[in-house]
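No lab work stands behind these numbers, since they all come straight from the coordinates. Worth saying up front: this structure is predicted, and the values here are computed from it rather than measured. Cβ placement follows ideal geometry from the backbone for every residue including glycine, while neighbour counts extend to all protein chains displayed.
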């Protein structure tokens, strides 16, 4: 079983081709994809700690320095989707027409749809399922990858707390902003666990999507009341109404 039996890169939304892309940008995008794919394949075949960055560089025909120009750490070669989630949090969570929970569910639904679409597009979906499970096992069994994932989650919580603070007129250090952001980001763990739980229990990818979504929504309902009470402070609302708010 090898990574070459599935198109792993199609799972990465940041690898979509931009509407306007010059030759230099295209080369950089494709090299970044090659580095990440090669690293992922080597890590899953031999184990994360058994592969050196120099070996990845050699396999791609570049220098080790070039690898680190694209990925600041060895861990980020395979755990780079957290940056995509952070960008989504900044954009979607700031939408005043969505409650914090609805904003989180919108992002999660998009990420889940991307996974199920990727699975269904593979020549061997069963192999793709197995590969996805092995990838999760690689992360859970590698201390440095788990640490990197926790660090990424901490950064995502900080981003969410900052956006929520801006929505409510609070400080991102206030306990309300912190607990709200922490609760929202916990939904990502629920989705990952639900995906692992239902991956081989469902017959179709539509069933998989629905089963995982149902678990996430159950968790979201539990925190929805508390997060929906996260409203602007009275003095902030008065300032905005009187035109004294910060432009």
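Remarks
- Size descriptor, Kirkwood hydrodynamic radius, that averages inverse alpha-carbon separations across region 145-233, Å: 14.4
- Relative contact order computed over region 21-77 (Cα-Cα under 8 Å; 6+ residues apart), in percent: 31
- Note: relative contact order over region 82-230, using C-alpha pairs below 8 Å and six or more positions apart, is 30 percent.
- Orientation-averaged projected area, Cα convex hull of region 82-230 (nm²): 9.0
- In this simple spin-label approximation, residue 182 and residue 49 carry label points 7 Å from Cα along the Cα→Cβ vector, and these lie 3.0 nm apart.
- Between residue 147 and residue 91, the modelled labels are 3.3 nm apart [label points 7 Å from Cα along Cα→Cβ].
- Length added when fully stretched, residue 30-residue 81, from 0.36 nm per residue minus Cα-Cα: 16.7 nm
- Cα-based shape type of region 109-172, given that a ≥ b ≥ c are square roots of the gyration tensor eigenvalues and the cut on a/c is 1.5: oblate
- Residue-span extension gain [residue 174 to residue 134] - 0.36 nm each, minus C-alpha spacing: 10.5 nm
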